[in-house]
Amino acid sequence: MSRGNTKKDKPGEIVSLAKLSSILGCSDPTARKYIKDGMPVAETGSSGQGYKIDTAVCVRWLIDRARKVAGGEVNHYDADRARKMAADADKSEMERDVMRGETVEVNVAVSMVADRLATVRARLLGMPTKVAVKVAAAKKREDVIEILDGEITQLLKELSGAETEED
């Protein structure tokens, strides 16, 4: 025995945009955005007349939209806005860190590393000439090891920024 319309088919109340905003607990601009995003309306506002919106259709649309957003099917305005705000905050933090000297740009870091590597290369290539006389004068194997160890230690101190001993 049929009792008429089922709950799903039952029409909602036809309301204005302002009333819909009140029912949904949102602002008028938010409700207008829903309409812009495709929310069905019974009658569009024209010639000074406001929108006429079926609340049941509106609520079903909002539920379907929420399901799609939760499933990742729709690019949601609020999610995009939150992502942009997070990116802006990250950018501001990076700029602050650069101003404080806590971070450097990649090209500056690469330049610094390249300079250090050039120093290492030059010092390593010059080491045989620098220590040749000392090594030749050394009488024991331990003396040669001490000479080489001293040169390598001095080079590593220079690279780390520590003060070096002058010969």
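Quick note: the coordinates plus some simple rules give every number you see, no bench work behind them. Here the structure is a predicted model, which means the values were calculated and not measured. Cβ coordinates were reconstructed from backbone atoms using ideal geometry, including for glycine residues, and neighbour counts include every protein chain displayed.
Model label points for residue 16 and residue 63, set 7 angstrom from Cα along the Cα-to-Cβ axis, are 2.8 nm apart. Short to long, the 10 Å bins of the Cα pair-distance histogram for region 55-122 hold 17, 22, 18, 16, 13, 9, 4, 1 percent of all pairs. Just to verify a number: FRET efficiency for residue 119 and residue 86, C-beta to C-beta distance, R0 = 45 Å, to 0.05? Once rounded, the FRET efficiency stands at 0.65.
Add +1 for every Lys or Arg and -1 for every Asp or Glu among the other residues with Cβ under 14 Å from the Cβ of residue 99, and state the total. Spelling it out: positives minus negatives among the neighbours equals -2.
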